[in-house]
Amino acid sequence: MAEGDNKSANLLAQETAQLEEQLQSWGEVILAGDQVLRWVKPWFPAAMMGAVSVIFLMIYYLDPSVLTGVSCAVMFLCLADYLVPTLAPRIFGSNKWTTEQQQRFHEICGNLVKTQRRVVGWWRRLFTLKEEKPKVYFMTVISTLSVMAWIGQQVHNLFLMYLIVSFLLLLPGLNQHGIISKYAGMAKREINKLLKQKEKKNE
């Protein structure tokens, strides 16, 4: 068991080191984005949501076709991939990294690797469910997709995408400041109270 844990830890460290090497040219941008997502300064959430709102308002106003939207998104990614490694060192000064910044960059890469592993694990469990319990798999997938289709029919596509993007961008900050755990705990306590009241009525 210990040998398996050591092997897994070594593999995680190796994958993290590889990702660090691949993202080294994006290091300054990643660290800056990490500070924004974790709400290091109190005005970061408002600025972030303002920027997201402006982008989605532009998309709503321009109303581009799917092909145009995909082409512009890929073009933006290509430009970023070309310009960021060149401009980032001049803007942020990559030679002035502190030990704390290097450590945080290592933590970010480690978290990305762990997230990738979780997604792959969920995907594998889904296929395992398909092989072992095909009826449960079928009902789960059909029910989930039906609910998603109904929600998509009730809510405007762009507005729904805005809500999803906003939630994903706010999620790290909400988690960092303990807001999610706070309200999750409150909801859990309320549910427990309701269950206890129901038990007393049944008695």
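The values are calculated or read from the model by the stated rules, or taken from the named source; none is laboratory data. Given the structure is predicted, the values throughout are model-derived calculations rather than measurements. Don't worry about glycine lacking a Cβ; one is built from the backbone with ideal geometry, like all the others, and counts go over all protein chains shown. Side chains are part of the model used for accessible areas, which takes the heavy atoms of the whole protein and leaves out ligands, DNA and RNA. Shrake-Rupley method; radii C 1.70, N 1.55, O 1.52, S 1.80 Å.
Distance in nm between label sites at Lys198 and Ser25, each 7 Å beyond Cα in the beta-carbon direction?
5.7 nm
List residues of the range 27-48, by number, whose backbone nitrogen lies under 19 Å from a label position 7 Å along Cα→C-beta of Leu83.
Residues 27-33 fall inside that zone.
Quick one: check the C-alpha center-to-center distance for the range 78-121 versus the range 4-77, whole angstrom.
Cα centroid to Cα centroid, the span is 10 Å.
Rounded to the nearest 10 Å², what accessible area does Cys78 have for a 1.4 Å probe in the complete protein model?
Using a 1.4 Å probe on the heavy atoms, I get roughly 80 Å².
Please give the contour-minus-distance gain from Asn10 to Ala46: 0.36 nm per residue of separation, less the Cα-Cα distance, rounded to one decimal in nm.
Stretched out fully, the Asn10 to Ala46 stretch lengthens by 8.9 nm.
Once you place label points 7 Å from the Cα toward the Cβ at Gln103 and Phe159, how far apart are they in nm?
4.6 nm
Heavy atoms of the protein only, probe of 1.4 Å, neighbouring chains included. What is the accessible area of Val66 in Å², nearest 10?
120 Å²
Which one is right for this structure if semi-axes √(5λ) of the Cα gyration tensor in Å is calculated from it: (1) 29, 22, 14; (2) 35, 27, 23; (3) 51, 17, 13?
Recomputing semi-axes √(5λ) of the Cα gyration tensor in Å here picks out (2).
For Asp63, Asp81, Asp34, give the ranking by accessible area with the largest first, probe 1.4 Å.
Asp63, Asp81, Asp34
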